[in-house]
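The values are calculated or read from the model by the stated rules, or taken from the named source; none is laboratory data. Every value quoted in this text rests on a predicted model; they were computed, and no experiment measured them. Cβ placement follows ideal geometry from the backbone for every residue including glycine, while neighbour counts extend to all protein chains displayed.
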Amino acid sequence: MKNQISGALSNFFFEYETPRQVLVRNRRVGVVCRLIQLGVLVYIIGWVFIYEKGYQSTDTAVSSVFTKMKGVGYTNESGKERVWDVSDYVFPSQGDSSFVVMTNYILTEGQQMGKCPELEGRHSCESNADCEGGSFKRTGHGQMTGVCVNTTKTCEVLAWCPVEDDHTIPNPALLMSAENYTLFIKNSVTFPIFGVTRSNLVEGIDAGYISKCLYDPDTAPLCPIFRLGDIVSLSGFNFGKIAHEGGAIGIVVDWTCNFDLDLKYCIPQYNFHGLYGNPDETDQTRASMGYNFRYAKHYLENSIPKRTLLKVFGIRIDIIVQSMARKFDIIPTLTAIGSGVGIFGVATVVCDLVLLYLLPKREFYKNMKFKYTDTQVQHDSETLGLDKSINYTFEANARQVQGQSNDPDSEAGSIETEVSKK
């Protein structure tokens with residue numbers, strides 16, 4: 001018993017088993033095998049390592065963005081001149097990564113709480129019965145009082161009076177001067193895995209450069225100051241159309257960095273995308289176009305609360321930071337190599353399928369590749385005291401002789417060596 005356990009342990013630790021292999025000399029199968037292996041090699045080197053950079057680990061950034069608009073607008077409505085500065089035309093004013101620049105508006109001044117007729121064309125009535133007192137209409141301006149105003153043929157409402165008339169949008173936009181406003185973007189990113197922090201104010205972007213530069217994708221691609229008209233045109237929109245009814249534009253700050261190179265090569269790229277607006281004439285068929293919202297400025301006049309209502313049409317700017325940093329790492333490198341080596345097994349599987357199921361002499365190859373156990377032959381061999389390997393060898397040699405062919409691409413060149421002879 002002790003000898004058996006000792007022998008088993010010895011065999012386990014000091015013996016190595018290898019799969020049985022059959023060398024097949026067949027031109028067609030050999031070419032198929034090499035082509036598949038070549039394809040796998042091209043995939044590993046070209047796609048996994050060169051294109052996907054499978055030898056590097058990756059990290060995305062934690063980012064912060066703040067913005068600042070500059071510029072002055074001028075309007076002259078019915079002889080009323082007005083200058084608009086940043087505090088008037090930017091909403092909100094805190095310098096967020098998402099904000100609106102006003103380009104057009106409808107102004108309703110001197111509103112105060114009271115009773116007045118609804119806007120003509122809305123909630124028309126013929127008598128008081130058509131105006132249910134105390135009720136509201138979704139598109140109305142206030143609560144109906146139950147009175148039908150004969151002069152306008154509309155229901156009387158309790159609201160901020162006079163009610164806003166937004167049927168006609170000024171065209172061209174009142175603040176076409178917004179085309180020359182400038183936007184300053186300050187962005188910083190941190191890649192926590194690699195411990196790297198970068199700002200879009202990269203090497204060479206100092207106060208002197210910022211004071212005179214203006215972004216241009218060809219001549220000044222790193223300048224963080226953008227002209228609003230250039231942003232609109234680079235996004236594919238027409239400034240006159242988007243300024244009239246408003247729209248949305250996305251500015252993407254792209255940080256794609258390779259930290260295997262010097263840190264100075266980690267620089268941002270700016271891309272501009274028209275998200276919503278009027279890029280072509282087909283937009284005129286839409287049920288709802290542009291971008292707008294209402295903003296009220298409240299004040300007291302002779303102790304009476306009043307307000308000035310603005311329906312603002314503007315360009316919504318959304319600044320989006322996307323990032324991907326890479327650096328060499330031995331773990332993904334070994335993983336990529338291991339998976340590539342495993343894929344090489346595809347060639348063996350395909351070639352085995354061709355040999356065993358598609359070629360005319362597939363039975364011969366099956367005999368070469370597999371050993372068959374015949375219960376009756378095994379019983380007779382044990383009865384006569386013969387070594388089982390002799391029977392296997394005789395059987396295989398007999399099948400090989402029967403399958404001989406003059407075809408150079410067939411099994412004629414296939415050789416099986418049986419070393420276990422009695």
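Just a few scattered comments:
- Candidates Leu228, Leu234: the one that is touching a helix residue (DSSP H, G or I) at 6+ places or on another chain (Cβ under 9 Å) and of a type outside the set (Gly, Ala, Ser) is Leu228.
- Pick from the stretch 270-290, criterion more than 27 Å from Cys223 (Cβ to Cβ) and modelled with pLDDT of 75 or more, ranking: surrounded by the most Cβ atoms within 10 Å (Cβ to Cβ): Gly290
- Residues that are outside any helix (DSSP H, G or I) and of a type in the set (Ser, Thr, Tyr) do occur in the stretch 14-23, at least one of them.
- Only helices (runs of 4 or more DSSP H) whose full extent lies in the stretch 136-245 are considered here, and the ones with at least 2 residues that are crowded, with 18+ Cβ neighbours inside 10 Å are 228-234, 239-245.
- Contacts under 7 angstrom Cβ, first residue in the stretch 179-200 being without any contact (Cβ under 8 Å) to a residue 40 or more places away in the chain and not assigned by TED's automatic domain parsing to the domain that holds Tyr74, partner of a type in the set (Asp, Glu) and buried (at least 16 other Cβ atoms within 10 Å of the Cβ), 6 or more apart: none
- The stretch 171-217, subset within 30 Å of Tyr74 (Cβ to Cβ) and charged (D, E, K, R), residue farthest from the chain's Cα centre (by Cα): Lys212
Table: residues versus (1) out of contact with any helix residue (DSSP H, G or I) (no Cβ under 6 Å at 6 or more places or on another chain); (2) under 30 Å from Gly195 (Cβ atoms); (3) of a type in the set (A, V, I, L, M, F, W, C).
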| site | (1), (2), (3) |
| --- | --- |
| Gln4 | yes, no, no |
| Pro19 | yes, no, no |
| Ala61 | yes, yes, yes |
| Trp84 | yes, no, yes |
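- Boolean, Tyr105 is in contact (Cβ under 8 Å) with a residue 60 or more places away in the chain and outside the structural domain of Val321 (by TED's automatic domain parsing): no
- For Lys53, the requirement of being of a type outside the set (Ser, Thr, Tyr), in a strand (DSSP E or B) and closer than 28 Å to Trp255 by Cβ is not met.
- Residue tally, condition more than 30 Å from Ile319 (Cβ to Cβ) and polar (S, T, N, Q), over the stretch 86-139: 8
- For the stretch 96-135, residues that are part of a strand (DSSP E or B) and among the basic types (Lys, Arg) total 1.
- Restricted to helices (runs of 4 or more DSSP H) entirely inside the stretch 297-385, those with at least 2 residues that are modelled with pLDDT under 80 are 362-369, 375-384.
- Matching option when the condition is of a type in the set (Gly, Ala, Ser), under 25 Å from Glu301 (Cα atoms) and in the same structural domain as Tyr299 (by TED's automatic domain parsing), among Gly95, Gly110, Gly142: Gly110
- Among the residues of the stretch 76-86, at least one is among the aliphatic types (A, V, I, L, M), out of contact with any Phe, Trp or Tyr (no Cβ under 8 Å at 6 or more places or on another chain) and assigned by TED's automatic domain parsing to the domain that holds Gly290.
- Checked against (1) touching a strand residue (DSSP E or B) at 6+ places or on another chain (Cβ under 6 Å); (2) buried (at least 19 other Cβ atoms within 10 Å of the Cβ), Ser97 meets all criteria but (2).
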